[in-house]
1. Cα centroids of the range 2-16 and the range 61-87: how far apart, whole angstrom?
2. Apply the Karplus parameterisation 6.51 cos²θ - 1.76 cosθ + 1.60, with θ equal to phi minus 60°, to every residue of the range 37-44 and state each ³J(HN,Hα) to the nearest whole Hz, in sequence, with x for glycine and proline.
3. Against the globular-protein guess of 2.2 N^0.38 Å, express the Cα radius of gyration of the range 1-40 as a ratio, rounded to two decimals.
4. How big is the charge dipole of the chain about its Cα centre, in debye rounded to the nearest 20, if each Lys and Arg gets +1 on its Cβ and each Asp and Glu gets -1 on its Cβ?
5. Scan [x] 4.8; [y] 5.4; [z] 8.0 for the value of mean projected area of the Cα convex hull in nm² calculated from this model and give just the label.
6. Angle check, please: helix 69-82 long axis (alpha carbons) against the longest principal axis of the chain (alpha carbons), in degrees 0 to 90, nearest 10.
7. Taking all protein chains together and a probe of 1.4 Å, list PHE17, PHE64 from the most accessible to the least accessible.
8. Relative to the longest principal axis of the chain, what angle (0 to 90°, nearest 10) does the C-alpha long axis of helix 3-17 take?
Amino acid sequence: MNDDTEAELRKQFRSAFEGADFPVTDQMDLVPTLPDGPGTRFEAGDVSFSAMELAANLDGHQEFPYESVDELVDDVMAALKTEGLLD
């Protein structure tokens, strides 16, 4: 994955989740902030994930509660890398 792809995904995640009522205590707290609910897609470069796919792939990596959108996005990006979903 190149820096542009990572930056674009970060931007999309931040935009989608910044409207959450922080602190968020679980994934369900994030669903109302998603423009298309669980079907919301995040796409950049050669990668594409729905919110539902993210939830399934990142379960166990996230450490709720999150106090800010930046803390949440940092963890999402780290988990995607750990799972090998961003190369």
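The values are calculated or read from the model by the stated rules, or taken from the named source; none is laboratory data. Bear in mind the structure is a predicted one, so any value in this text is a computation, not a measurement. FYI the Cβ positions are ideal-geometry reconstructions off the backbone, even for glycines, and counts take in every protein chain you see. Note: areas computed on protein heavy atoms with side chains; ligands, DNA, RNA excluded. Shrake-Rupley method; radii C 1.70, N 1.55, O 1.52, S 1.80 Å.
1. Each part reduced to its Cα centre gives a spacing of 12 Å.
2. Rounded to whole hertz, the list is x, x, x, 4, 10, 10, 9, 7.
3. On the way: Rg = 11.4 Å, N = 40, 2.2 N^0.38 = 8.9 Å.
The value comes to 1.28.
4. Working: 5 positive and 21 negative charges, 40 e Å.
Magnitude of the dipole: close to 200 debye.
5. Here the calculated entry is [x].
6. So the helix axis and the longest Cα principal axis differ by about 40 degrees.
7. Values: PHE17 15, PHE64 60 Å².
Listed by decreasing accessible area, they come as PHE64, PHE17.
8. So the helix axis and the longest Cα principal axis differ by about 20 degrees.
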